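Some notes on the structure that comes next.
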Amino acid sequence: MTSPSEELLPSTRRALLHRTATAQVEGRTPSLVAAVQRQGQPVWSGARSCVEGHAPDTDTQFRIGSITKTFTAVLVLRLRDEGLIHLDDQLEKHLPGTGVGSATVFQLLGHSAGLGAETPAPWWERTPGTKRPELADVLGEQPHMHQAGHRHHYSNPGYTLLGSLIEAVRGASWEEVLRREILEPLGMHRTTVRPEAPHAGGWAVHPWADVMLPEPAEDLGLMAPAGQLWSTAADLLRFSAFLAEGDERVLRAASVREMREPAAPSESGDWYGNYGLGLQVIRQDERTLVGHTGSLPGFLAALWFSVEDDVAAVVLTNTTAGLLAGVVAADLVQIVAEAEPRIPEPWRPLPEAEADAELVALTGPWYWGTHAFALRLVAERGLELQPLRTSGRGAAFRAEPDGTWTGLSGYYAGETLRIVRAEDGTVDHLDLGSFVFTREPYDAGAAVPGGVDEGGWRGLGS
């Protein structure tokens, strides 16, 4: 049996190197570093550079731009989990006087607060943060572009507000809270607010000539929570492992899963992806990828991971444009996932304590009207209800202390499944959000709404 952390096959490594090298050439980027993780363990890294004999490695810092937003979102979710804020709270409750205080924390996290995408001029990414010393300078005179809560509209100022919210509730700077609550617990010692050697310099490459121009690396001031951070491929792989599984020292697994759920409708016609709470969610060739991309003048970055495949990839480059870092990182995930599919864990019976005879007796076929379903008992006394035809609504259910189950996804998310018993104590039917499931199609002996015709089932009369 192979170990999950065992090195990739030579053919897979060759394919990863080829994709990375091709990206550096076609993207005309001065340097590029990429790394891949499988089942929580780094399994490959590669780098390319325009300087012969010199290339960055997974400990070289690059600026990661908007991947910073995911860190900020984690800090906000920590406040919620501690009961210090609620996601439905209006900003005004914790950060008064902004002029956009009716926006909720949830809307700001998912970019649905209706705020503008950028600050007023000058271009905030290429000018010192000292030019915008107050939140009013970040928001401008007309901060609202859309009605709050009605659509996704990416907003950098929105994450500045979240950074200021963190500072107001914690009574400490965003930088200090970030270091104390995320970077130190996860061992991300090479992720910093300002660059620390070794780090790459940012470059702009001329679109029509093979010449370069250095880009300024400004301290973004109030805009820092939207895009300030510098990090390494190694550190971002640590962060991706946390985002996939959670870590009780930072954020519980349930809250990390919540970050991955779409938070607002996509724009019309955009079925490529969505946005959760500080995380982008995209589809590529029937595979769901979660993470974030980032850009600042002189730098492009991407972090994607597939929960199903348990594969993550990071791509960092030092060019302003020309290379689609997000596409390259997604391709690296796909190469590993398809060349070396995840080996499933061995099947094991449920623990004896969970093999409840009464629950086992509930399993098997059930019928909603004439629609056939199968009910299965899974770990932790959970249930799964799946249609036995190609169509129909299925769902997994979490056991609750009161003897009911709560739907976890799809149509039945949040709905209650309960056992309804007859007077003699036997199971009459299952009630799922008022839908009645019986052991036989329209079981005449069960409490089917509307009753069952006394004549019973019949063939075609003469």
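The values are calculated or read from the model by the stated rules, or taken from the named source; none is laboratory data. Here the structure is a predicted model, which means the values were calculated and not measured. Methodologically, a virtual Cβ is constructed for each residue, glycine included, from the backbone with ideal geometry; neighbour enumeration extends over all protein chains shown.
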Reported set for segment 435-457 where residues are under 20 Å from Gly364 (Cα atoms), of a type outside the set (Ser, Thr, Tyr) and assigned to a loop (DSSP other than H, G, I, E, B) is Arg439, Glu440, Pro441, Asp443, Ala444, Gly445, Ala446, Ala447, Val448
Which one of the conditions (1) of a type outside the set (S, T, N, Q); (2) closer than 19 Å to Thr130 by Cα; (3) surrounded by 14 or more Cβ atoms within 10 Å (Cβ to Cβ) does Arg170 fail to meet, given that it meets all the rest?
(2)
Read through the list (1) in a helix (DSSP H, G or I); (2) surrounded by fewer than 13 Cβ atoms within 10 Å (Cβ to Cβ); (3) of a type outside the set (Phe, Trp, Tyr); (4) in contact (Cβ under 8 Å) with a residue 60 or more places away in the chain, then give the number of the only condition that Ile343 fails.
(1)
Which of the following residues is farther than 25 Å from Gly46 by Cβ, of a type outside the set (Lys, Arg) and either in contact with a Pro (Cβ under 8 Å, 6 or more places away or on another chain) or part of a loop (DSSP other than H, G, I, E, B) (or both): Pro207, Pro225?
Pro207
Which residues, counting only those in segment 132-162, are within 13 Å of Leu91 (Cβ to Cβ) and assigned to a helix (DSSP H, G or I)?
Leu135, Leu139, Pro157, Gly158, Tyr159, Thr160, Leu161, Leu162
Output the residues belonging to segment 109-128 that are surrounded by fewer than 18 Cβ atoms within 10 Å (Cβ to Cβ) and either in contact with a Ser or Thr (Cβ under 6 Å, 6 or more places away or on another chain) or under 25 Å from Thr70 (Cβ atoms) (or both).
Ala117, Glu118, Trp123, Arg126, Thr127, Pro128
Would you confirm whether or not segment 406-423 contains a residue that is over 34 Å from the mean Cα position of the chain (by Cα), surrounded by 13 or more Cβ atoms within 10 Å (Cβ to Cβ), over 30 Å from Gln39 (Cβ atoms) and at pLDDT 95 or above?
yes
Is segment 43-66 home to any residue that is touching a residue at least 60 places away in the same chain (Cβ under 8 Å), in contact with a helix residue (DSSP H, G or I) (Cβ under 6 Å, 6 or more places away or on another chain), assigned to a helix (DSSP H, G or I) and more than 19 Å from Ser255 (Cβ to Cβ)?
yes
For residues that are in a helix (DSSP H, G or I) and under 16 Å from the mean Cα position of the chain (by Cα), tally how many sit in segment 109-124.
1
If you go through segment 324-332 one residue at a time, do you hit one that is surrounded by fewer than 24 Cβ atoms within 10 Å (Cβ to Cβ), among the aliphatic types (A, V, I, L, M), within 14 Å of Leu32 (Cβ to Cβ) and in the same structural domain as Ala47 (by TED's automatic domain parsing)?
yes
Could you list, in sequence order, the residues of segment 427-449 that are modelled with pLDDT of 95 or more and either polar (S, T, N, Q) or farther than 19 Å from Gly369 by Cβ (or both)?
Thr438
Output for Cβ contacts, cut-off 8 Å, separation at least six or different chains, first residue not assigned by TED's automatic domain parsing to the domain that holds Leu229 in segment 153-172, second buried (at least 22 other Cβ atoms within 10 Å of the Cβ) and outside any helix (DSSP H, G or I), reads none
Looking at (1) surrounded by 14 or more Cβ atoms within 10 Å (Cβ to Cβ); (2) in contact with a Pro (Cβ under 9 Å, 6 or more places away or on another chain), which one does Val336 not meet, given that it meets all the others?
(2)
Any residue that is out of contact with any helix residue (DSSP H, G or I) (no Cβ under 7 Å at 6 or more places or on another chain), under 22 Å from Thr130 (Cβ atoms) and among the hydroxyl-bearing types (Ser, Thr, Tyr) - is there at least one of those in segment 190-197?
yes
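Quick grid of which residues meet (1) part of a helix (DSSP H, G or I); (2) of a type outside the set (D, E, K, R); (3) touching a Gly at 6+ places or on another chain (Cβ under 8 Å):
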site: Glu261; (1), (2), (3): no, no, yes
site: Pro265; (1), (2), (3): no, yes, no
site: Ile282; (1), (2), (3): no, yes, yes
site: Thr288; (1), (2), (3): no, yes, no
site: Trp304; (1), (2), (3): no, yes, yes
Residue pairs within 7 Å by beta carbon, gap of at least six or interchain, first lying in segment 415-434 and assigned to a loop (DSSP other than H, G, I, E, B), second surrounded by 12 or more Cβ atoms within 10 Å (Cβ to Cβ) and of a type in the set (A, V, I, L, M), listed first then second, are Glu415/Leu432
Is it the case that some residue within segment 232-250 is among the small types (Gly, Ala, Ser), more than 20 Å from Leu32 (Cβ to Cβ), assigned to a loop (DSSP other than H, G, I, E, B) and in contact with a helix residue (DSSP H, G or I) (Cβ under 6 Å, 6 or more places away or on another chain)?
yes
Can you pull out every residue in segment 90-108 that is surrounded by 18 or more Cβ atoms within 10 Å (Cβ to Cβ), touching a strand residue (DSSP E or B) at 6+ places or on another chain (Cβ under 9 Å) and not in a helix (DSSP H, G or I)?
Val100, Ala103, Thr104
In a strand (DSSP E or B) and within 30 Å of Glu258 (Cα to Cα): is that true of Leu359 in this structure?
no
Among the residues of segment 366-386, are any without any contact (Cβ under 8 Å) to a residue 12 or more places away in the chain and assigned by TED's automatic domain parsing to the domain that holds Asp428?
no
